[in-house]
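Input: a single structure, listed below in structure tokens.
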Amino acid sequence: MSKVIGIVSEGPTDYLVLKAAIDTITGESNRYLSLQPERDMIGRFGNGWKGVWRWCKETESVNVLMKEIQPQIDAIVIQMDGDVIRKEKEAHCLCDTTSCENKGKVFPLYCDKHVSECPVIIPCESHESGIEAMMEHGEELLKSALDADDMSQIAITIPCDSTDAWVVAAYDGTDDIETREDPWKTIIAKKKTYHGIRVRGDKKNVLTYAVFSDRVAESWNEVTQKCISAKRLEQEVKRVLGI
């Protein structure tokens, strides 16, 4: 039986990939609600990873929200790419090895010291290296920001280095693709076309990603074999939907 699934994602291309993957995992054409980003992309929380983190921080009682929205949401999937952990100082503000006078007083996204005065050092010594450590850090970052008493219907996914890695895994079957930094720029958009599909440089668009998302769904078993983060999404979707 199909479900109503709310998605909190960095952007519309991630949303397409997640929908395609979840439908494949469940074997159903589910109904989806884009909770974040908002349709005009300049809504209350903004877009990108900061918009996702703000949504988690500023949305009061996510569990109540799931019941109040009609049709009632069966589960929420929250996505933030792993490259955030790799390169964004804000993601390490609360780490054990970070020493800062604002630590614990100011939510990292509201701090004004990140340009020149920030003491955060990347890579962060508080964490082990590797894909699983990156995923765990991202998951805990979002969980700690969420106002949710019950996580039984909430899944968090941290694609590494991004959902673009799942696209490359689907098309090329590349080993260790999750260790490649910025696969969009270094692989997919390196030339004018990718597997015969026209790519517009650094700009992603939903028409291109509609094609990419279909390929991810068709090759999902291979994607989960190549990408630990994709396998983790599958496990989480099955958990929150009781499959």
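The values are calculated or read from the model by the stated rules, or taken from the named source; none is laboratory data. On a predicted model such as this, the values are computed, not experimentally measured, just so you know. When we count neighbours, we look across all protein chains shown, and the Cβ atoms used for this are built from the backbone with ideal geometry, even at glycine.
Among the helices (runs of 4 or more DSSP H) contained in segment 6-114, which hold 3 or more residues that are under 23 Å from residue 133 (Cα atoms), out of contact with any Phe, Trp or Tyr (no Cβ under 6 Å at 6 or more places or on another chain) and free of Cβ contacts under 8 Å to residues at least 60 places away in the same chain?
The helices (runs of 4 or more DSSP H) meeting that bar are 48-58.
For segment 17-32, state whether one or more residues are more than 20 Å from residue 238 (Cβ to Cβ) and of a type outside the set (Val, Ile, Thr).
no
Take segment 48-83 and flag every residue that is under 12 Å from the mean Cα position of the chain (by Cα) and closer than 21 Å to residue 166 by Cβ.
48, 49, 51, 52, 77, 78, 79, 80, 81, 82, 83
Filter segment 170-191 down to the residues that are over 17 Å from the mean Cα position of the chain (by Cα) and of a type outside the set (Asp, Glu) and list them by number.
Selection gives 170, 171, 173, 174, 185, 186, 187, 188, 189, 190, 191.
Pick from segment 43-64 the residues that are of a type in the set (A, V, I, L, M, F, W, C) and in contact with a strand residue (DSSP E or B) (Cβ under 8 Å, 6 or more places away or on another chain): which of them is surrounded by the fewest Cβ atoms within 10 Å (Cβ to Cβ)?
So the residue we want is 45.
Sort out which residues of segment 205-222 are assigned to a helix (DSSP H, G or I), without any contact (Cβ under 8 Å) to a residue 60 or more places away in the chain and under 16 Å from residue 174 (Cβ atoms), and write them in order of number.
Answer for segment 205-222, where residues must be assigned to a helix (DSSP H, G or I), without any contact (Cβ under 8 Å) to a residue 60 or more places away in the chain and under 16 Å from residue 174 (Cβ atoms): 215, 221, 222.
For the subset of segment 29-42 comprising residues that are at pLDDT 95 or above and over 15 Å from residue 78 (Cα atoms), which member is surrounded by the fewest Cβ atoms within 10 Å (Cβ to Cβ)?
Among those residues, the one meeting the criterion is 29.
Taking only segment 103-131 into account, find how many residues are loosely packed, with under 14 Cβ neighbours inside 10 Å and either of a type in the set (Gly, Ala, Ser) or within 15 Å of residue 86 (Cα to Cα) (or both).
10
Where residues in segment 128-155 are in a loop (DSSP other than H, G, I, E, B) and of a type in the set (D, E, K, R), which of them is nearest to the chain's Cα centre (by Cα)?
Looking at the filtered set, the residue picked out is 147.
Among 219, 229, which is the only one that is under 22 Å from residue 6 (Cβ atoms), touching a helix residue (DSSP H, G or I) at 6+ places or on another chain (Cβ under 9 Å) and of a type in the set (Ser, Thr, Tyr)?
Step by step, each of 219, 229 is checked, and only 229 is under 22 Å from residue 6 (Cβ atoms), touching a helix residue (DSSP H, G or I) at 6+ places or on another chain (Cβ under 9 Å) and of a type in the set (Ser, Thr, Tyr).
Can you find, within segment 136-159, the residue that is surrounded by the most Cβ atoms within 10 Å (Cβ to Cβ) among those that are among the hydrophobic types (A, V, I, L, M, F, W, C) and farther than 16 Å from residue 89 by Cα?
Per the criteria, the residue is 158.
Hey, does segment 1-22 have a residue that's over 14 Å from residue 156 (Cβ atoms), surrounded by fewer than 19 Cβ atoms within 10 Å (Cβ to Cβ) and under 17 Å from the mean Cα position of the chain (by Cα)?
Scanning segment 1-22 turns up at least one residue that is over 14 Å from residue 156 (Cβ atoms), surrounded by fewer than 19 Cβ atoms within 10 Å (Cβ to Cβ) and under 17 Å from the mean Cα position of the chain (by Cα).
If we keep just the residues of segment 93-128 that are out of contact with any Ser or Thr (no Cβ under 9 Å at 6 or more places or on another chain) and among the aliphatic types (A, V, I, L, M), which is nearest to residue 49 (Cα to Cα)?
Here the residue is 109.
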